[in-house]
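K.L.:
Please find one structure pasted underneath; my questions will follow.
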Amino acid sequence: MNSTFGQNHSINFKIFDGDVSGGAPAQSQVLRDRVTSQGERIFDVKVTINKTTMPGYSQEFAAATIVHEIMHCYFNANKTYYNNQFKQHQTMAEEYIESMKSAVTDIFPNMPAKDAYALTMNGFNDMFENNLTGWNALLTKYNLTTQEIYNTQVAYKSSAQNAPGTKCPPKQP
């Protein structure tokens, strides 16, 4: 990923607060992907963080969400299943779960590994709906159930005092 985002100054990744359709925690959108007459590629991608729901979620959930969206940007920048979220989710599940989980646990080293895997799998609903065999293989590999993933995600999205995770600071006016 560093070769995509860290070395190329014509790839612009920006994060904004805003409205997200369907109540999802975030969404990625390619704004511009073209090659100039000088042969330079210009790639602008925007990640919108749901300004209504995300401030109430834990920092761990927010971190896992941002890692997920970064992966979509990475795939789109490299033309890997360009703008095909289902295929990108399958590729994330098959090849990148460990790296995504590590990105979250590097920030939150005391987070239980099982929780980090469950949060990393947030957004893979289309796999559950369209590739049950792949989904079940993922559950087996990480010793999780669909219910455990759901419960973990709900818990880290909870603003209850006893909920796991680090509360996001209140939004400044």
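The values are calculated or read from the model by the stated rules, or taken from the named source; none is laboratory data. For clarity, every value in this text was computed on a predicted model and none was experimentally measured. Because the Cβ atoms are built from the backbone with ideal geometry, glycine has one as well, and the counts that use them run over all protein chains shown. Calculation scope for accessible area: heavy atoms of the full protein, side chains included, ligands and nucleic acids excluded. Shrake-Rupley method; radii C 1.70, N 1.55, O 1.52, S 1.80 Å.
K.L.:
In bins 5 Å wide, starting from 0, what share of all Cα pairs of the range 126-173 does each bin hold, as a percent?
P.N.:
5, 18, 19, 17, 12, 12, 10, 5, 2, 0
K.L.:
Explain nothing, just the number: dipole magnitude of the range 99-148 about its Cα centre with +1 on each Lys and Arg Cβ and -1 on each Asp and Glu Cβ, in debye rounded to the nearest 20.
P.N.:
With Lys and Arg at +1 and Asp and Glu at -1, about 160 debye.
K.L.:
Can you give the calculated 222 nm mean residue ellipticity of the chain, where each DSSP H run of n ≥ 4 adds -39,500 (n - 2.57) and the sum is split over every residue, rounded to the nearest 500 deg cm²/dmol?
P.N.:
So the helix-based figure for the chain works out to -12500 deg cm²/dmol.
K.L.:
How high is the relative contact order of the range 105-159, in percent, counting Cα pairs under 8 Å that sit 6 or more residues apart?
P.N.:
Over the range 105-159, the number comes to 42 percent.
K.L.:
When the dipole is taken about the Cα centre of the range 65-168, and only Lys, Arg (+1) and Asp, Glu (-1) are charged at their Cβ, what size is it in debye, to the nearest 20?
P.N.:
In debye, rounded to 20, the range 65-168 gives about 120.
K.L.:
Now a separate question. Put +1 on the Cβ of every Lys and Arg and -1 on every Asp and Glu Cβ in the chain; which of Ile149, Ala160, Phe16 then has its Cα farthest towards the positive end of the dipole?
P.N.:
Final value for the positive-end residue is Phe16.
K.L.:
Rounding to the nearest 10 and keeping the result within 0 to 90°, find how far the Cα-based axis of helix 146-157 lies from the longest principal axis of the chain.
P.N.:
80
K.L.:
A further question on this structure: How much accessible area per residue does the range 31-173 have, in Å², with a 1.4 Å probe?
P.N.:
That works out to 53 Å² for each residue.
K.L.:
Please work out how much accessible surface Ser21 shows to a 1.4 Å probe, ignoring ligands, DNA and RNA, in Å² rounded to 10.
P.N.:
That residue has around 90 Å² of solvent-accessible surface.
K.L.:
Could you tell me the calculated FRET efficiency between Leu144 and Ile42, based on Cβ-Cβ distance and R0 = 41 angstrom, to the nearest 0.05?
P.N.:
It comes to 0.55.
K.L.:
For Ile15, what residues show an amide H to amide H distance below 5 Å, using hydrogens built from the backbone and excluding near sequence neighbours?
P.N.:
Hits under the 5 Å cutoff: Val47.
K.L.:
Provide the descending list of Cα extents for the range 1-97 along its principal axes, expressed in whole angstroms.
P.N.:
45, 30, 23
K.L.:
Further question on the same structure: Towards the positive end of the charge dipole of the chain, with charges on Cβ (+1 Lys, Arg; -1 Asp, Glu), say which of Val47, Pro170, Ser37 has the farthest Cα.
P.N.:
Checked the options; the winner is Ser37.
K.L.:
Compute the acute angle (0 to 90°) between the alpha-carbon long axis of helix 59-77 and the principal axis of greatest extent of the alpha-carbon atoms of the chain; round to the nearest 10°.
P.N.:
Compared with the principal axis, the helix lies near 30 degrees.
K.L.:
Given points 7 Å out from each Cα along the Cα-Cβ axis, report the Asn84 to Asn130 separation in nanometres with one decimal.
P.N.:
In this crude spin-label approximation the distance works out to 0.9 nm.
K.L.:
Across the range 17-33, in residue order, what do the Karplus-derived ³J(HN,Hα) couplings come to in whole Hz, using 6.51 cos²θ - 1.76 cosθ + 1.60 with θ = phi - 60° and x for Gly and Pro?
P.N.:
After applying 6.51 cos²θ - 1.76 cosθ + 1.60, I find 8, x, 8, 10, 5, x, x, 4, x, 6, 8, 10, 8, 6, 8, 8, 8 Hz.
K.L.:
Sticking with this structure for a sec: Would you please state the base-10 log of I(q)/I(0) at q = 0.25 1/Å for the range 17-62, with intensities from the Debye formula using one equal scatterer on every alpha carbon?
P.N.:
So the normalised log intensities are -0.84.
K.L.:
Seen from all sides and averaged, what is the projected area of the convex hull of the Cα atoms in the chain, in nm²?
P.N.:
In nm², the orientation-averaged hull projection of the chain is 11.1.
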